Amino acid sequence: MLALKRILFPTDFSTNAAGALAHAVRLADFSGGEVIVQHVVDSYFEKHPHWATLFDLHEMQKFMDRYVDVNMPASVPKEDGKVRVRTVISKGKPAEEISALAEHEMVDLVVMGSAKGVVTNQVIRMTNRPVLAVSSKRPQDASGGHKIGKIVVATDFSEHSKKVIQYAFDLKAAFDATIYMLYVIETNRAIQFAIRQGHFTDAIGKMREWATNQLINLTPQEFIHDPKVIRLVEQGSPGETIADVAFEVGADLTILGTHEYGTIHKHLLGTTTDKLLAKSATPVLTVRL
């Protein structure tokens with residue numbers, strides 16, 4: 001079963017980051033876990049060395065650290081007896097420091113506010129830990145919380161894709177959510193044009209049938225006949241199609257796996273995840289395969 005006992009929440013004190021905090025607390029709360037709130041101080045004078053002669057570097061750094069100490073509590077929720085909160089201040093490059101702390105603390109999940117996804121994508125590349133990117137476009141529900149009622153999990157039927165599916169079904173069980181299992185038949189513009197002209201229809205039909213059977217085979221046995229398990233096969237560009245499906249079904253969370261090797265790793269992170277972070281209003285959870 002899924003256990004989220006330790007969640008890392010990096011923050012830059014922005015509104016976007018604050019929106020992700022509720023997700024971190026909600027997930028930790030269901031496991032009775034701990035949220036580690038991290039802020040990374042990037043040295044001002046490394047970016048602006050020409051100002052170093054006008055200020056005492058060490059004194060300025062002290063003021064910067066003091067500023068972080070004062071503002072950190074504003075991003076930390078009051079403890080309710082279930083979720084423990086710990087703060088960490090790191091110095092260096094954000095993605096490197098976030099990834100290093102995630103590995104050092106052996107966290108179960110990293111929750112990040114994703115604006116353009118630059119640092120988030122770097123963290124996804126660097127860490128072996130699952131990363132949840134929460135878009136600022138996602139509104140809270142009326143009660144002010146973040147419900148997980150609908151989950152989209154995308155699979156490519158790769159050798160290790162069962163790990164992503166199991167992660168998604170563990171979340172489904174924890175939140176009693178409806179889960180949408182999605183496979184995207186990747187087609188380029190030329191093939192899409194040919195399909196619109198009536199070509200390759202038999203081939204696409206056979207691919208859809210094969211993919212549907214694969215989704216059934218990937219479904220855990222106890223959920224085979226669950227009416228809250230919906231299997232979808234779409235065609236198009238993976239990143240855009242996943243985001244579109246998540247929007248259409250009103251998903252609260254989208255899950256996909258990322259490979260750590262060679263061309264596939266570069267393609268998946270550089271294309272699918274980038275497009276999801278840029279387009280999707282749904283929080284995106286990446287699981288390293």
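Here, each number is a calculation from the coordinates, and none is a lab measurement. Because the structure is predicted, anything quoted here is derived from the model rather than measured. Note that we place each Cβ from the backbone using ideal geometry, even for glycine, and neighbour counts take in every protein chain shown.
How high is the FRET efficiency between Val41 and Gln166 when r is their beta carbon distance and R₀ equals 41 Å, given to the nearest 0.05?
Calculated transfer efficiency: 0.60.
Given H placed 1.01 Å from N in the peptide plane, which residues other than close sequence neighbours of Leu285 have an amide H under 5 Å from its amide H?
HN-HN under 5 Å from Leu285: Ala133, Thr254, Ile255, Leu256.
For a quick check: with amide H placed at 1.01 Å from N, whose amide H comes under 5 Å from Gly149's, ignoring anything fewer than 5 positions away on the same chain?
Correct list: Asp252.
If you average 1/r across every pair of different Cα atoms in region 83-125 and take the reciprocal, what Kirkwood value do you get, in Å?
11.3 Å
Taking the Cβ-Cβ separation of Ala203 and Ala22 as r and a Förster radius of 45 Å, what is the calculated FRET efficiency to the nearest 0.05?
FRET efficiency, Ala203 to Ala22: 0.50.
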